[in-house]
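Right, one structure below, let's go through it.
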Amino acid sequence: MGLLDGVKVIDFTHAYSGPFCTLNLADFGAEVIKVEKIGSGDQSRAWAPFKNGYSGYYASFNRGKKSLTLDISSDEGKKIIFDLIKGSDIVCSNFKAGTLEKYGIGYEDMKKIKPDIIYATISGYGNEGRLSKYAAYDNVIQAMSGVMDVNGFSDGGPTKVGPAIGDSYTGLILLIGIITAYYNRLKTGKGQKVDATMLGSLYSTLEYPVLDYTNNRNIISRTDNSNPYYAPDNVYKVKDGYIALSVRGDSKWEIFCSRMGITDSDILKKFKTNKDRILNNKELKSFLENYMSGMSRNEIEDILKDTGIPVSGVMNIAEALDDEHLRARKMVLDITDPIIGNMKLVGNPINLSENPNNINKPSPTLGENTIDIMRSIGYSDEEISQFQKDGVI
């Protein structure tokens, strides 16, 4: 039995950030009804990569949901939405601010139908400020939040973080807000609006660049793969690729040198303290890469495995999908999609001992559940047929 069995979610989300949030709700048993545009559906249905003419992108982030196609701009469509709301607990949207309000199905409209509804929204910038009406994608948000400026190499320009973290992290922030609001409703019976922005979510991750500036007026920009406070804390080229390691503190440095067989007295003297290593960080990196050039990632991992020093080879995607530990944590899923066939998906990192997640359901085809959903809220087959003829569903 899923932890959220009996919880009903009306999902107006599309693309990535919103679907990533509702994916997590579906994983733990919530009934997630995805409201999609007739004919085209979620915009990510047109996003690569494709297999058998079907979007692997859409299939990855909408597992376990139901699909209802509906024209929300029509009066009949709006009535259907309100009929759905009456029996629902949560509404999710990641349209730009004001979109659902334009159709008369915003929070204030829904509260009249369902006073205790939890209305959760993601937008790029929120409802306040000069940018509130603008759309946003991850690369723009990474730029505006400051994340792009602190990522990359000191001799190059600003660099986008590869995965769309503005979307996924904001989806998780909204998920936390929803669960918090739902817990409050269980205690008080009151619903509320939950509002998360991509800009605010990424800005909240900036950690030491903000702390160093507010405390010391130091502007930290691109620092390569190094840590400005500890060394060695970097990514190093070795025999068969790259390895990341973090040696924090002088006692760990002594252990590192002992295990790695670094005995040269001049080297030990030059890099004795963390302050010495930070001041000579580029020279330290050059020395370590030269020293480890004949060693493989696995060799180094094995040498340091019992030292408490974090270390890992830099894995590519194929290696990660085959990694024994990730598979043991059920972070690699093998799912059979009705159109794509066998595919691997990323699992859910949240594990509950008493309420395991349900992550083996594929994503729905466009409008797959429309008729069943309409019947479940009281519409007859004749009414459903007429709605289909009129282009409402």
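The values are calculated or read from the model by the stated rules, or taken from the named source; none is laboratory data. The shown structure was predicted, so the numbers you read here are calculated from the model rather than taken from an experiment. Every residue, glycine as well, gets a Cβ built from its backbone with ideal geometry; the counts of neighbours run over all protein chains shown. These accessible areas exclude ligands, DNA and RNA; they are computed on the full protein's heavy atoms, side chains included. Shrake-Rupley method; radii C 1.70, N 1.55, O 1.52, S 1.80 Å.
Measuring nothing but protein heavy atoms, the accessible surface of the chain at 1.4 Å probe radius is 53 percent carbon and sulfur.
Taking D83, D250, D264 as the candidate residues, the one with maximal mean-square fluctuation in a Gaussian network model of the chain, Cα springs under 10 Å, is D264.
Using C-alpha pairs below 8 Å separated by at least 6 residues, the relative contact order for the stretch 1-73 is 34 percent.
If eta is 0.890 mPa s and T is 25 °C, what Stokes-Einstein diffusion coefficient results for the stretch 87-133, Kirkwood Rh from Cα pairs, in µm²/s?
D = 219 µm²/s.
How big is the convex hull of the Cα atoms of the chain, per residue, in Å³? Provide the component values of the computation, followed by the final result.
Numbers: hull volume 69.8 nm³, N = 393.
Taking the convex hull of the Cα positions in the chain, it is 178 Å³ per residue.
Extension gain, Y134-S286: 0.36 nm per intervening residue step, less the Cα-Cα distance, totals 50.1 nm. Remark on I339: its backbone amide H falls under 5 Å from none of the residues 5 or more positions apart or on other chains, H modelled at 1.01 Å from N. A cut-off of 5 Å between modelled amide H atoms, ignoring neighbours fewer than 5 places along the same chain, links T69 with E36, G367, T370.
One chain, two ends: T214 and V314. Fully extended at 0.36 nm per residue, the span grows by 32.7 nm beyond their Cα-Cα distance. Rolling a 1.4 Å probe over the heavy atoms of the protein chains gives the stretch 22-94 an accessible area of 34 Å² per residue. Counting only lysines at least 8 places from K282 when in the same chain, those with an alpha carbon closer than 30 Å to its own are K160, K237, K239, K252, K269, K270, K272, K305. Under a Gaussian network description of the chain, with springs only between Cα atoms under 10 Å, the residue in T214, T99, T13 that fluctuates furthest is T214.
Can you give the helix-only mean residue ellipticity at 222 nm for the chain, where every DSSP H stretch with n ≥ 4 adds -39500 (n - 2.57) and the sum goes over all residues, rounded to the nearest 500 deg cm²/dmol? Before the final figure, lay out each step's value.
Values: 19 runs with 160 residues, N = 393.
So the helix-based figure for the chain works out to -11000 deg cm²/dmol.
Scanning the chain for trypsin sites (Lys or Arg not before Pro) lying in DSSP loops with no more than 14 further Cβ atoms inside 10 Å, the longest uninterrupted stretch between such sites is 1-129. Please give the net charge around N94, taking every other residue with its beta carbon less than 13 angstrom from that of N94, where Lys and Arg add +1 and Asp and Glu add -1. Here the count lands on -3.
The rule of thumb for compact globular proteins, 2.2 N^0.38 Å, goes into the C-alpha radius of gyration of the stretch 1-131 1.05 times. Note on the stretch 6-58: Cα-Cα pairs beyond 19 Å make up 31% of the total pair count. For the residues A97, A318, A135, a GNM of the chain with alpha-carbon springs under 10 Å puts the largest fluctuation on A318. If you wrap the tightest convex hull around every Cα atom of the stretch 71-186 and split its volume per residue, you get 124 Å³. Close amide H partners of N227, meaning residues 5 or more places away or on another chain with modelled amide H under 5 Å apart, are D233.
In the frame of its principal axes, the stretch 41-92 has Cα extents of 37, 23, 15 Å, reported largest first. If you take the alpha carbon atoms of the stretch 262-393 and fit the smallest convex hull around them, that volume is 243 Å³ per residue.
Just to confirm a number: summing +1 for Lys and Arg and -1 for Asp and Glu over residues other than S145 whose beta-carbon lies under 14 angstrom from that of S145, what do you get?
That sum, taken over residues with Cβ under 14 Å, equals -3.
Charge tally around I165: other residues with Cβ under 14 Å, Lys/Arg +1 each, Asp/Glu -1 each, net -2.
The tail of the calculated P(r) for the stretch 142-241 beyond 19 Å holds 58 percent of all Cα-Cα pairs.
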